[in-house]
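Q: Would you mind keeping the following structure in view while I ask a few things?
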Amino acid sequence: DGGITQSPKYLFRKEGQNVTLSCEQNLNHDAMYWYRQDPGQGLRLIYYSQIVNDFQKGDIAEGYSVSREKKESFPLTVTSAQKNPTAFYLCASSTERYEQYFGPGTRLTVT
Amino acid sequence: QKEVEQDPGPLSVPEGAIVSLNCTYSNSAFQYFMWYRQYSRKGPELLMYTYSSGNKEDGRFTAQVDKSSKYISLFIRDSQPSDSATYLCALFSGGYNKLIFGAGTRLAVHP
């Protein structure tokens, strides 16, 4: 069953703690992306990776970090430097940049 | 001015109605036009994408692009309660090399 998995579905953390969100895909896609979605706003690009061991900052990369050691995996770390980390985080992958497929999302709440 | 404008709704219609969802954009460089459907607390699902002006039909869904007016539409015929979701438009240009999302329109189809 091909697709994108994100875990966990819900995540709760205390302010000041780093947290890592998982994203795995078995679609054999080269490119992977992380987006953030806030109520009433469109998706905003955090980081993207077009190939293993390479990634680029998106529009709102400050306070986040990523790695791409395997084609299938693109974990996102939300660091304590991110001012407003509470949000819905979405991972996507694609072969063509315009045809992106999304995972189910992780809802992060930081208190 | 936002690059992509989308009325957030909510739009409430009776079952069986024809629904029209729209986005306007400001940059004529956009080449690909996507529509995503997002159920509550889920990841967006790619419904359709089009390249260039004109219509594209898939079952009850029709995507329409008018590049001269910088206006895109998604029509849903014979709407069903299961169509109740948020619909996001997304645009892509090689120059930006990323998807630009509208904020989404919330649709409710009541029996």
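Q: Residues A:Glu15, A:Glu96, A:Glu24: which one is touching a strand residue (DSSP E or B) at 6+ places or on another chain (Cβ under 7 Å) and either within 21 Å of B:Met34 (Cα to Cα) or part of a strand (DSSP E or B) (or both)?
A: Going through A:Glu15, A:Glu96, A:Glu24 in turn, just one is touching a strand residue (DSSP E or B) at 6+ places or on another chain (Cβ under 7 Å) and either within 21 Å of B:Met34 (Cα to Cα) or part of a strand (DSSP E or B) (or both): A:Glu24.
Q: How many residues does segment B:1-51 hold that are assigned to a loop (DSSP other than H, G, I, E, B) and either open to solvent by 50 Å² or more (accessible area, probe 1.4 Å) or more than 12 Å from B:Ile72 (Cβ to Cβ) (or both)?
A: 22
Q: Sort through B:Leu99, B:Leu88 and tell me the only one that's outside any loop (DSSP other than H, G, I, E, B), modelled with pLDDT under 95 and either out of contact with any Cys (no Cβ under 6 Å at 6 or more places or on another chain) or farther than 18 Å from B:Val4 by Cβ (or both).
A: From the options B:Leu99, B:Leu88, the qualifying one is B:Leu99.
Q: Does segment A:31-40 hold any residues that are of a type outside the set (Lys, Arg) and open to solvent by less than 80 Å² (accessible area, probe 1.4 Å), and which are they?
A: A:Ala31, A:Met32, A:Tyr33, A:Trp34, A:Tyr35, A:Gln37, A:Asp38, A:Gly40
Q: Which residue out of A:Ile46, A:Ile60 is open to solvent by 20 Å² or more (accessible area, probe 1.4 Å), under 30 Å from B:Pro8 (Cα atoms), at pLDDT 95 or above and of a type in the set (A, V, I, L, M, F, W, C)?
A: Going through A:Ile46, A:Ile60 in turn, the sole match is A:Ile60.
A quick yes/no check of all residues on (1) of a type outside the set (Asp, Glu); (2) more than 14 Å from chain A (Cβ to nearest Cβ); (3) surrounded by fewer than 13 Cβ atoms within 10 Å (Cβ to Cβ):
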position	(1), (2), (3)
B:Thr62	yes, yes, no
B:Ser69	yes, yes, yes
B:Thr86	yes, no, no
B:Ala90	yes, no, no
B:Lys98	yes, no, no
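The values are calculated or read from the model by the stated rules, or taken from the named source; none is laboratory data. Worth saying up front: this structure is predicted, and the values here are computed from it rather than measured. Cβ coordinates were reconstructed from backbone atoms using ideal geometry, including for glycine residues, and neighbour counts include every protein chain displayed. Surface accessibility is based on the protein's heavy atoms, side chains included, excluding ligands, DNA and RNA. Shrake-Rupley method; radii C 1.70, N 1.55, O 1.52, S 1.80 Å.
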